[in-house]
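Colleague: I have a structure here, written as structure tokens, and I will follow up with some questions on it.
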Amino acid sequence: YEVIEGATPFLVTAFPVGYREDHLINQNEDIEYTINFQNRTTDTVFNVRIETSMDESLDMTTLVTGPSSHNYTVDVENERTLVFELRNIQLSPDGTDALNSAGFIKYRISQNRDVPIGTRIFNSSSVFFDSAVGQETNVVDHLIGEEFIEIILNSAELLDEKSLFVAPNPAMASVKIV
């Protein structure tokens, strides 16, 4: 994971990011979420609790928990709320030890089968340090779409019996074709 100075201490990211500003993804495409957290207090944090309300368009039976910076347990409360508990992790204050002040949890989940085109999927979390009030993360979203990758060619001869290499893959704004 990467700690970015000045970035929010509570951040959710998703892969794929999605295309264009709408974060377009295909129907039935899995989404991998990463929840990042950092101790910006002046004291050591011992316990972290993360609560994530899962969008109705996601299939809870397909949840696969992934790697993390610290050992954790996960439970599902009220059918759609993931609760991650990280106990006795001794998260240092960032002003004292920036490297040991941050952590993350990853998980992957599938969409419900054939979510309608045009559906928007949202994800965010609340992060609790010890007994403090929860802090909200950003909201990430995806729009279910189709045929959203545009290929414009000046000549059909360009693809006749040739391989196509596109980089970077996935891409957000532009790609180089060689």
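The values are calculated or read from the model by the stated rules, or taken from the named source; none is laboratory data. Nothing here was measured: the structure is a model prediction, and the numbers come from that model. A quick note on method: Cβ atoms are made from the backbone with ideal geometry, for glycine too, and the neighbour counts reach across all protein chains shown. Accessible surface is based on the protein model in full, side chains and every heavy atom, while ligands, DNA and RNA are left aside. Shrake-Rupley method; radii C 1.70, N 1.55, O 1.52, S 1.80 Å.
Colleague: Hey, could you check the range 2-23 for residues that are at pLDDT below 90, out of contact with any helix residue (DSSP H, G or I) (no Cβ under 7 Å at 6 or more places or on another chain) and β-branched (Val, Ile, Thr) and say which is nearest to Leu143 (Cα to Cα)?
Modeller: Looking at the filtered set, the residue picked out is Thr8.
Colleague: Which of (1) surrounded by 18 or more Cβ atoms within 10 Å (Cβ to Cβ); (2) at pLDDT below 95; (3) within 16 Å of the chain's Cα centre (by Cα) does Asn39 not meet, given it meets every other one?
Modeller: Failing condition for Asn39: (3).
Colleague: Right, something else. Leu91: under 25 Å from Ile121 (Cβ atoms), open to solvent by less than 60 Å² (accessible area, probe 1.4 Å) and not small (Gly, Ala, Ser), yes or no?
Modeller: Taking the combined requirement at face value, the residue does not satisfy it.
Colleague: Picking from Asp59, Asp55, Asp97, which residue would you name as being open to solvent by less than 70 Å² (accessible area, probe 1.4 Å) and free of Cβ contacts under 8 Å to residues at least 24 places away in the same chain?
Modeller: Residue meeting the stated conditions: Asp97.
Colleague: Same structure again: In the range 6-45, which residues are basic (Lys, Arg) and in contact with an Asp or Glu (Cβ under 8 Å, 6 or more places away or on another chain)? Quick ask: steps written out before the conclusion?
Modeller: Here is the first cut: in the range 6-45, the residues basic (Lys, Arg) are 20, 40.
Scanning the range 6-45 gives a single hit, Arg40.
Colleague: Pick out the one residue from Val74, Val12, Val64 that is within 18 Å of the chain's Cα centre (by Cα) and surrounded by fewer than 15 Cβ atoms within 10 Å (Cβ to Cβ).
Modeller: Values: Val74 fails: surrounded by fewer than 15 Cβ atoms within 10 Å (Cβ to Cβ); Val12 fails: surrounded by fewer than 15 Cβ atoms within 10 Å (Cβ to Cβ).
Exactly one of Val74, Val12, Val64 is within 18 Å of the chain's Cα centre (by Cα) and surrounded by fewer than 15 Cβ atoms within 10 Å (Cβ to Cβ), namely Val64.
Colleague: Related question: Just the residues that are surrounded by fewer than 20 Cβ atoms within 10 Å (Cβ to Cβ) and either modelled with pLDDT of 95 or more or not hydrophobic (A, V, I, L, M, F, W, C) (or both), please, taken from the range 24-36.
Modeller: Of the range 24-36, the ones surrounded by fewer than 20 Cβ atoms within 10 Å (Cβ to Cβ) are 24, 26-30, 32, 34.
Within the range 24-36, Asn26, Gln27, Asn28, Glu29, Asp30, Glu32, Thr34 meet the criteria.
Colleague: Identify the residue in the range 77-88 that is touching a residue at least 40 places away in the same chain (Cβ under 8 Å) and of a type outside the set (A, V, I, L, M, F, W, C) and, among all such residues, is surrounded by the most Cβ atoms within 10 Å (Cβ to Cβ).
Modeller: Arg87
Colleague: Here's a follow-up. Does Ser110 satisfy the condition of being of a type in the set (Ser, Thr, Tyr), over 21 Å from the mean Cα position of the chain (by Cα) and open to solvent by less than 30 Å² (accessible area, probe 1.4 Å)?
Modeller: no
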